[in-house]
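Peer 1: Take this structure first; my questions come after.
The values are calculated or read from the model by the stated rules, or taken from the named source; none is laboratory data. In this text the structure is predicted, and so the values were computed from the model without any measurement. Here the Cβ positions follow ideal geometry from the backbone for every residue, glycine too, while neighbour counts run over all protein chains shown. To get the accessible areas, we keep the full protein, side chains included, count just its heavy atoms, and leave off ligands, DNA and RNA. Shrake-Rupley method; radii C 1.70, N 1.55, O 1.52, S 1.80 Å.
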Amino acid sequence: MIYSLSGKLSAKKNGLIVIEVGGVGFKVVVGKNAMESLPDVGSPVKLFSHLYMREDGLELYGFISEEELS
């Protein structure tokens, strides 16, 4: 699946961020600790991720470190 994302942080609000990777914007759900650790919008960023599949859609969760992902 999607293990990590590296790109430009293009939006940040209410527990959600958007990371632009190669022209595609990925919506990522992040926790409070991750949100506070992220750089300003427009800065490069890398997050580790977990793709959660549900009946009604997909959710991508982001984590600052591999340890936090585990």
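Peer 1: State in Å² the accessible area per residue of the chain; use a 1.4 Å probe, count heavy atoms of protein chains only, and round to the nearest integer.
Peer 2: Values: 4650 Å² over 70 residues.
That works out to 66 Å² per residue.
Peer 1: 5 Å is the cut-off here: which amide hydrogens, built 1.01 Å from N in the peptide plane, fall below it relative to VAL21, excluding neighbours closer than 5 in sequence?
Peer 2: PHE26
Peer 1: To continue, here is another question. Simple spin-label model, 7 Å along Cα-to-Cβ: TYR61 to VAL29 in nm?
Peer 2: Taking the two extended label points, one gets 0.7 nm.
Peer 1: In whole percent, and with a 1.4 Å probe on the protein chains, what portion of the accessible area of the chain is carbon and sulfur? Provide the component values of the computation, followed by the final result.
Peer 2: Details: 2400 of 4650 Å².
About 52 percent, which is the carbon plus sulfur part of the accessible surface.
Peer 1: Now for a different question. Which residue, LYS32, LYS12, LYS46, has the most motion in a Gaussian network model of the chain that connects Cα atoms within less than 10 Å?
Peer 2: LYS32
Peer 1: For an R0 of 25 angstrom, estimate the FRET efficiency from the Cβ-Cβ distance between ASP40 and MET1 and round to the nearest 0.05.
Peer 2: Calculated value: 0.30.
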